[in-house]
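Peer 1: Pasting a structure here, questions to come.
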Amino acid sequence: MKYFSLLILICGLIKSSLVTASAQTSDLLTGLRPGHPRLIITTADWNNLRARRAGNPELDALLTKIVSDARKALKVPLLVYKKEGIRLLAVSREAVRRIQLYAFAYRITGEKVFLDRAQSELLNLAAFKDWNPSHFLDVAEMTTAVALGYDWLFDALPATTRATLKQAIIEKGIKPGLAVQKGWAITVNNWNQVCFGGLTLGALAIGDENPDLAREILARAQKNISYGLKSYVPSGIYPEGPGYWGYGTTYQVLMISALQTALGTDWNMSASPGFMASATALVEQTGPTGRQFNFSDCGDGVAFDPTLFWFAQRLHYPSLVYFQNQLLLQNLADPRKDKGADRFFPLLALWVNDLPPQIPQPTRLPLAWHGDGVNPVGVFRSSWTDSNALFFAFKGGSARNNHAHMDAGSFVFDANGVRWAGDLGMQNYYSIESKGWKLFDSSQNSDRWRVYRLNNFSHNTLTLGGKLHTVAGDARITEFSDTSATVNLSEIFAGQAGSVKRKFSMIGNKTVSIRDDIAAASPGLSVRWQMLTQTKITVNNNQATLQQGGRTLTAKIISPSGARFEIASAQPPQDGVNQPNLNSQILAVNTTVPASGTLTVEIELRP
């Protein structure tokens, strides 16, 4: 037996040695597509777009808009190195937008004016003193812009221009990236994806000319991109919210697509747990009004996200872009409804390929859905086909997570085309940081929680004793069925109550119930239930009526007996930092824990 064990050990050592040797001798540039373009687009793709345009009205409209936007961009001055606080990010993002527009317009029309302007802008960017490595997202996006321009226009640019651009990619993109050993390189959030995505594009663009540097950055990216991909585990819910899903996932898609066109592989990233499922998760978090559940640092509004079209194409499931396609059609039909400012809009020309002219609604997706993860989310809806359907989304989670708010237990509610219960969303970062507040310190007593839009006093959740939520607490969805779900908020109120559970129920697809059960709390402890809305409110004791656009919602207090609704302000402290919240107010219930230490607060919402 001991000889058998020794044999196993020897075999294991041999196998380990072979794996190590293989890893050391494998060439990450094997199979690199010769020549250019090779990043996301190939020569065949350009030819295909031009050939299909005449027989495809939708593609023709899309390409027409891209060229039109490029012409508009010709009229503005070259970009200037100008930071907003610590960030050059706005300049980098505009560079990404412009270079794509100019390159697409040139390849589609052949008009030299677009090539000339692209060359001028690229040389201008290359001449910047740096791309702001202290805030590395700025470097990543600028590297993306210059790499795409260098690759897509390679054969049309003079050799001197190509040399300048290649040197800028190396000195201002790749080398600063290689200097980063920790930080974003090993963090589980969008920074990891954006930074490695941009640097990968840079490395692939110059891979045949500077193979050693390219291999070094690709090896770093291959090893550490797993950190960013952890964000999607297990259910595809992006913990930083739908808006940051668009940011991190877009760069993940760019990275995957560029590797596939340049090397014929995506390093199996698309098979990472939860990644492909994240597209469905995003659609589930979108209401019939087209507005998403904008938790964490996400804006409050209808968002156009071209990347979702890549998922629809890749998964052969056009219904994933039903809502997005409505926005796109509005965009193309009426410039006044233009949602095409997204800097990756031109890539839609590739990602709409094979999608039918009439996108079906996503009826095969469940009406009741939930996903686990850092920020667990649940959704109930009454229909996928009725624009007036009920849509109720809620969440758990923890304020300690990246970009998180004190919003555990919070919800949004749509019905009859109105968002009755909403979320204020984020406040512009610079407006906070410029006043000296430490926005991204999430410790219990940090400046972050002085920002009204980020703390629990502005969200559709409970507040006990007038205090902030406990940052270290974590709320989980503990029960979920087709009609009800429970979120355990006990850790959020540690030290104030022994148990706090919030139960959401859909009653006959006509009514939503929010029931809070509080136990083992100190008698006399204040309890505040609230719901933020941008509708008109009238109250009458235990009933309230909300109105907007001729539509009505009735709210009723089921428990505790004798409790009354109040209308409260949604305006923050006037401290010179917090920004006003126009047209917003709060429907609130204020009560106290009785002598028993147990309290139930239950509210019904019926449109």
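The values are calculated or read from the model by the stated rules, or taken from the named source; none is laboratory data. Everything numeric here is computed off the predicted structure, so don't read it as measured data. A quick note on method: Cβ atoms are made from the backbone with ideal geometry, for glycine too, and the neighbour counts reach across all protein chains shown.
Peer 1: Which residues, taken from the range 523-538, are surrounded by 15 or more Cβ atoms within 10 Å (Cβ to Cβ) and under 22 Å from residue 423 (Cβ atoms)? Before the answer, list the steps.
Peer 2: Going residue by residue through the range 523-538, those that are surrounded by 15 or more Cβ atoms within 10 Å (Cβ to Cβ) are 525, 527-535, 537.
Passing the criteria: 527, 528, 529, 530, 531, 532, 533, 534, 535, 537.
Peer 1: Exactly one of (1) at pLDDT below 95; (2) part of a strand (DSSP E or B) is unmet by residue 509. Its number?
Peer 2: Single failed check for residue 509: (2).
Peer 1: Looking at the range 194-212, is at least one residue aromatic (Phe, Trp, Tyr), under 25 Å from residue 245 (Cα atoms), in contact with a helix residue (DSSP H, G or I) (Cβ under 9 Å, 6 or more places away or on another chain) and crowded, with 22+ Cβ neighbours inside 10 Å?
Peer 2: Here is the first cut: in the range 194-212, the ones aromatic (Phe, Trp, Tyr) are 196.
With under 25 Å from residue 245 (Cα atoms) added as a condition, the list becomes 196.
With in contact with a helix residue (DSSP H, G or I) (Cβ under 9 Å, 6 or more places away or on another chain) added as a condition, the list becomes 196.
Now narrow it down to the ones that are crowded, with 22+ Cβ neighbours inside 10 Å: 196.
Yes, there is a match, as at least one residue in the range 194-212 is aromatic (Phe, Trp, Tyr), under 25 Å from residue 245 (Cα atoms), in contact with a helix residue (DSSP H, G or I) (Cβ under 9 Å, 6 or more places away or on another chain) and crowded, with 22+ Cβ neighbours inside 10 Å.
Yes/no matrix, rows are residues, columns are (1) in the same structural domain as residue 40 (by TED's automatic domain parsing); (2) among the charged types (D, E, K, R); (3) surrounded by fewer than 21 Cβ atoms within 10 Å (Cβ to Cβ); (4) in contact with an Asp or Glu (Cβ under 7 Å, 6 or more places away or on another chain):
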site: 99; (1), (2), (3), (4): yes, no, no, yes
site: 111; (1), (2), (3), (4): yes, yes, yes, no
site: 114; (1), (2), (3), (4): yes, no, no, no
site: 121; (1), (2), (3), (4): yes, yes, no, no
site: 127; (1), (2), (3), (4): yes, no, yes, no
site: 137; (1), (2), (3), (4): yes, no, no, no
site: 141; (1), (2), (3), (4): yes, yes, no, no
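Peer 1: Working carefully through the options 105, 51, find the one that is in the same structural domain as residue 310 (by TED's automatic domain parsing), surrounded by 14 or more Cβ atoms within 10 Å (Cβ to Cβ), among the small types (Gly, Ala, Ser) and in a helix (DSSP H, G or I).
Peer 2: Details: 51 fails: surrounded by 14 or more Cβ atoms within 10 Å (Cβ to Cβ).
It is 105.
Peer 1: Tell me, please, whether a residue that is outside any helix (DSSP H, G or I) and within 20 Å of residue 38 (Cβ to Cβ) can be found in the range 172-191. First the steps, then the outcome.
Peer 2: Pass one, the range 172-191, residues outside any helix (DSSP H, G or I): 179-182, 187-189.
Still in the list and also within 20 Å of residue 38 (Cβ to Cβ): none.
Scanning the range 172-191, I find no residue that is outside any helix (DSSP H, G or I) and within 20 Å of residue 38 (Cβ to Cβ), so the answer is no.
Peer 1: Step by step: first the residues of the range 451-478, then only those that are touching a helix residue (DSSP H, G or I) at 6+ places or on another chain (Cβ under 9 Å) and basic (Lys, Arg), then the one that is farthest from residue 408 (Cα to Cα). Which residue is that?
Peer 2: Looking at residues that are touching a helix residue (DSSP H, G or I) at 6+ places or on another chain (Cβ under 9 Å) and basic (Lys, Arg), I get 467.
Residue-by-condition table, conditions (1) at pLDDT 95 or above; (2) touching a helix residue (DSSP H, G or I) at 6+ places or on another chain (Cβ under 7 Å):
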position	(1), (2)
236	yes, yes
240	yes, yes
243	no, no
256	yes, yes
260	yes, no
264	yes, no
268	yes, no
271	yes, no
279	yes, yes
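Peer 1: Yes or no: the range 72-79 includes at least one residue that is exposed (fewer than 14 other Cβ atoms within 10 Å of the Cβ) and of a type in the set (A, V, I, L, M).
Peer 2: Applying the first criterion (exposed (fewer than 14 other Cβ atoms within 10 Å of the Cβ)) to the range 72-79 yields 72, 75-78.
This time we only want the ones that are of a type in the set (A, V, I, L, M), so: 76, 78.
Yes, that holds for at least one residue.
Peer 1: Give the range 256-274 a look and list any residue that's closer than 12 Å to residue 310 by Cβ, touching a residue at least 24 places away in the same chain (Cβ under 8 Å) and of a type in the set (A, V, I, L, M, F, W, C), or say none.
Peer 2: The answer is none; no residue qualifies.
Peer 1: Counting just the residues of the range 281-304 that are among the charged types (D, E, K, R) and surrounded by fewer than 24 Cβ atoms within 10 Å (Cβ to Cβ), which one comes out modelled with the highest pLDDT? Spell out how you get there, then give the answer.
Peer 2: Of the range 281-304, the ones among the charged types (D, E, K, R) are 284, 291, 297, 300.
Adding the requirement that they be surrounded by fewer than 24 Cβ atoms within 10 Å (Cβ to Cβ) leaves 291, 297, 300.
Details: 291: 93, 297: 96, 300: 81.
If we take residues in the range 281-304 being among the charged types (D, E, K, R) and surrounded by fewer than 24 Cβ atoms within 10 Å (Cβ to Cβ), then 297 is modelled with the highest pLDDT.
Peer 1: Among the candidates 355, 365, single out the residue that is over 30 Å from residue 67 (Cβ atoms) and assigned to a loop (DSSP other than H, G, I, E, B). Before the answer, list the steps.
Peer 2: Details: 355 fails: over 30 Å from residue 67 (Cβ atoms).
Testing whether each residue is over 30 Å from residue 67 (Cβ atoms) and assigned to a loop (DSSP other than H, G, I, E, B) leaves just 365.
Peer 1: Restricting attention to the range 456-478, which residues are in contact (Cβ under 8 Å) with a residue 24 or more places away in the chain and loosely packed, with under 15 Cβ neighbours inside 10 Å? Steps first, please.
Peer 2: Taking the range 456-478 first, the residues in contact (Cβ under 8 Å) with a residue 24 or more places away in the chain are 456, 458-477.
Once the filter is applied, which keeps residues that are in contact (Cβ under 8 Å) with a residue 24 or more places away in the chain and loosely packed, with under 15 Cβ neighbours inside 10 Å, the range 456-478 yields 466, 467, 472.
Here's the yes/no breakdown for (1) in contact with a Cys (Cβ under 6 Å, 6 or more places away or on another chain); (2) free of Cβ contacts under 8 Å to residues at least 40 places away in the same chain; (3) aromatic (Phe, Trp, Tyr); (4) not in a strand (DSSP E or B):
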residue: 501; (1), (2), (3), (4): no, yes, no, no
residue: 505; (1), (2), (3), (4): no, yes, no, no
residue: 532; (1), (2), (3), (4): no, no, no, no
residue: 552; (1), (2), (3), (4): no, no, no, no
residue: 563; (1), (2), (3), (4): no, yes, no, yes
residue: 566; (1), (2), (3), (4): no, yes, no, no
residue: 573; (1), (2), (3), (4): no, no, no, yes
residue: 604; (1), (2), (3), (4): no, no, no, no
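Peer 1: Taking the condition part of a helix (DSSP H, G or I) and either in contact (Cβ under 8 Å) with a residue 12 or more places away in the chain or among the β-branched types (Val, Ile, Thr) (or both), does residue 449 pass?
Peer 2: Numbers: part of a helix (DSSP H, G or I): yes; either in contact (Cβ under 8 Å) with a residue 12 or more places away in the chain or among the β-branched types (Val, Ile, Thr) (or both): yes.
Answer is yes for this residue.
Peer 1: If you go through the range 420-438 one residue at a time, how many are surrounded by fewer than 21 Cβ atoms within 10 Å (Cβ to Cβ) and either farther than 30 Å from residue 387 by Cα or in contact with a Phe, Trp or Tyr (Cβ under 7 Å, 6 or more places away or on another chain) (or both)?
Peer 2: Summing the residues that are surrounded by fewer than 21 Cβ atoms within 10 Å (Cβ to Cβ) and either farther than 30 Å from residue 387 by Cα or in contact with a Phe, Trp or Tyr (Cβ under 7 Å, 6 or more places away or on another chain) (or both) in the range 420-438 gives 10.
Peer 1: Output the residues belonging to the range 22-47 that are in contact (Cβ under 8 Å) with a residue 12 or more places away in the chain, assigned to a helix (DSSP H, G or I) and either touching an Asp or Glu at 6+ places or on another chain (Cβ under 9 Å) or not acidic (Asp, Glu) (or both).
Peer 2: 46
Peer 1: Still on this structure, I have one more. Just to be sure, is residue 114 touching a residue at least 40 places away in the same chain (Cβ under 8 Å), part of a helix (DSSP H, G or I) and of a type outside the set (S, T, N, Q)? Spell out how you get there, then give the answer.
Peer 2: On the way: touching a residue at least 40 places away in the same chain (Cβ under 8 Å): yes; part of a helix (DSSP H, G or I): yes; of a type outside the set (S, T, N, Q): yes.
In short, yes.
Peer 1: Of the residues 462, 439, 454, which single one is more than 19 Å from residue 570 (Cβ to Cβ) and modelled with pLDDT of 95 or more?
Peer 2: Details: 462 fails: more than 19 Å from residue 570 (Cβ to Cβ); 454 fails: more than 19 Å from residue 570 (Cβ to Cβ).
Just one listed residue meets the conditions, 439.
Peer 1: For the range 65-89, give me each residue that is free of Cβ contacts under 8 Å to residues at least 12 places away in the same chain and more than 30 Å from residue 132 (Cβ to Cβ).
Peer 2: Within the range 65-89, just 68 meets the criteria.
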